[in-house]
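The values are calculated or read from the model by the stated rules, or taken from the named source; none is laboratory data. Bear in mind the structure is a predicted one, so any value in this text is a computation, not a measurement. Neighbour counts are summed over all protein chains in view; Cβ atoms, including those assigned to glycine, are modelled from backbone coordinates with ideal geometry. Side chains included, ligands, DNA and RNA excluded: accessible areas come from the protein's heavy atoms. Shrake-Rupley method; radii C 1.70, N 1.55, O 1.52, S 1.80 Å.
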Amino acid sequence: MAQPNLESFKRRGLALALRASASVPVVPTAANNGVLLFNGTSGTEFDKIERPIDRPFLTGQPFAVGGKRAFIEGEFELYPPTTPGGADESDADCGVLLLPAGMTVVKDAAAKTTRYNPISSNVPLSDAKFWHAGTLKNVNAARHNVTSLILAVGDRFKGNIRVQGDYETIGEDGLPELALPATVPTVARADNTVTTITVAGGAPLVCWAKSLSVDVANTITPKEYTSHKETGITDRAPTWTARIAKTALADFNPWQIRDDAKIVQVALRLTEKSKLYSELGIRGQIETVNETDIDGDYGWELSGPCVASDAGGDELYIEFGDATP
């Protein structure tokens, strides 16, 4: 058999679609479901069932293959839809990645906002195709995890995603022509960003921030029973990190706030020239106060758990809106 031609490692692409019903698979297409992923990678995992046979000589032990799963990982961008909160074109392109990560979308036409909040049940499923240098992985009934979600001065709003689900086999297929979003996100700068910190429901304090980041930290668990298997999210322990320039302690004392176990809300908003904006926000507590060098200046790196109120679903959010009157 002839050896196939060598292909570049960078020839890769992702198509991913949400299931309308958990029990009904969907087939993502290159024309309608292309997802812009950066530095995409993929792989397979399985449950190793060892068979430690007693033998009169030293050797490795055979094993059987149990439950199989596949994953896709990479970086993605976040930016506003054309008409936040509207009836049409109000879903952000990143929404297909966020919803199976345990998020829901809330649209407000009057406020012109599209907002993604955490949920703990009825999490959507996705089906995905990942082409890589002539190979194809079909990842079915997947759930997602979002890590390194960060809005930072000098960079675009971005995050990392892991898509994990079932697979049967790895096939061969050439990379098709994917229809991908053409939006180039606005870079966060001093003249288009603002950061506020609110302590225990008080007045928001505008501070000088370098970045706000969130790790959603979903625990993705493959489950298998007789006649049924699924990929579930069994836990979530999100954490946040903010890097800010020192404030007057009379205005904001992070050590005192931590010691008093007060709730803080931090929000970083990026507003484009069109007045469309992206905002990353958290509700949580300060656990760690690190005194750090930020561009040669004395600053604080604050971090801790994201903590929901008794209502739930408000420990973190991603909001896209339109600030025009």
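Probe radius 1.4 Å, ligands and nucleic acids ignored: give me the carbon and sulfur share of the accessible area of the range 216-325 as a rounded percent. Solvent-exposed carbon and sulfur of the range 216-325 make up 44 percent of the total.
Computed with the Debye formula from one identical point scatterer per Cα of the range 18-138, without solvent, the log10 of I(q)/I(0) at q = 0.14, 0.19, 0.20, 0.23 Å⁻¹ comes to -0.77, -1.18, -1.26, -1.44. Our note on the geometry: Cα centres of the range 143-194 and the range 62-105, 9 Å apart. 3J(HN,Hα) along the range 224-237, derived from phi through the Karplus expression 6.51 cos²θ - 1.76 cosθ + 1.60 where θ = phi - 60°, amounts to 9, 10, 5, 6, 7, 8, 7, 9, x, 9, 9, 7, 8, 9 Hz, with x in place of Gly and Pro. When peptides 301-308, 252-259 are sorted by average Cβ neighbour count within 10 Å, with the highest value leading, the order is 301-308, 252-259. Charge tally around Leu78: other residues with Cβ under 13 Å, Lys/Arg +1 each, Asp/Glu -1 each, net -4. In this structure the chain gives 52 Å² per residue of accessible area when probed at 1.4 Å with all protein chains present.
Shape class for the range 196-325: prolate, because the ratio a/c of the largest to smallest gyration tensor axis (alpha-carbon atoms, square roots of eigenvalues) is 1.5 or more and a/b beats b/c. In loop segments of the range 1-88 as defined by DSSP, the chymotrypsin sites (Phe, Trp or Tyr not before Pro) with at most 12 further C-beta atoms inside 10 Å of their C-beta are Phe9, Phe57. For the chain, a Gaussian network of Cα nodes joined below 10 Å ranks Arg12, Arg55, Arg156 by mean-square fluctuation, and the top entry is Arg55. Comparing Ser120, Ser213, Ser227 in a Gaussian network model of the chain (Cα springs below 10 Å), the most mobile by mean-square fluctuation is Ser227.
Applied to the range 21-30, the Karplus parametrisation 6.51 cos²θ - 1.76 cosθ + 1.60 on θ = phi - 60° returns per-residue 3J(HN,Hα) values of 9, 4, 8, 10, x, 10, 9, x, 10, 5 Hz, with x for Gly and Pro.
Partner lysines whose Cα lies under 23 Å from the Cα of Lys68, excluding those fewer than 8 positions away in the same chain, are identified as Lys48, Lys129, Lys137, Lys223, Lys229.
For Lys158, the lysines whose Cα falls under 21 Å of its own Cα, not counting residues fewer than eight places away in the same chain, are Lys10, Lys210, Lys273, Lys275.
Tell me the mean residue ellipticity at 222 nm calculated for the chain from its helices only (DSSP H runs of n ≥ 4, each -39500 (n - 2.57), averaged over every residue, nearest 500). List each step's numbers first, then the result.
Details: 2 runs with 10 residues, N = 325.
It lands at -500 deg cm²/dmol.
Residues with beta-carbon under 15 Å from that of Asp297, excluding Asp297: net charge, scoring Lys, Arg +1 and Asp, Glu -1? Charge balance near Asp297 sits at -1. One quarter of the surface of the convex hull around the alpha-carbon atoms of the range 112-167 equals 6.5 nm², the direction-averaged projected area. Shape class for the range 122-230: oblate, because the ratio a/c of the largest to smallest gyration tensor axis (alpha-carbon atoms, square roots of eigenvalues) is 1.5 or more and b/c is at least a/b.
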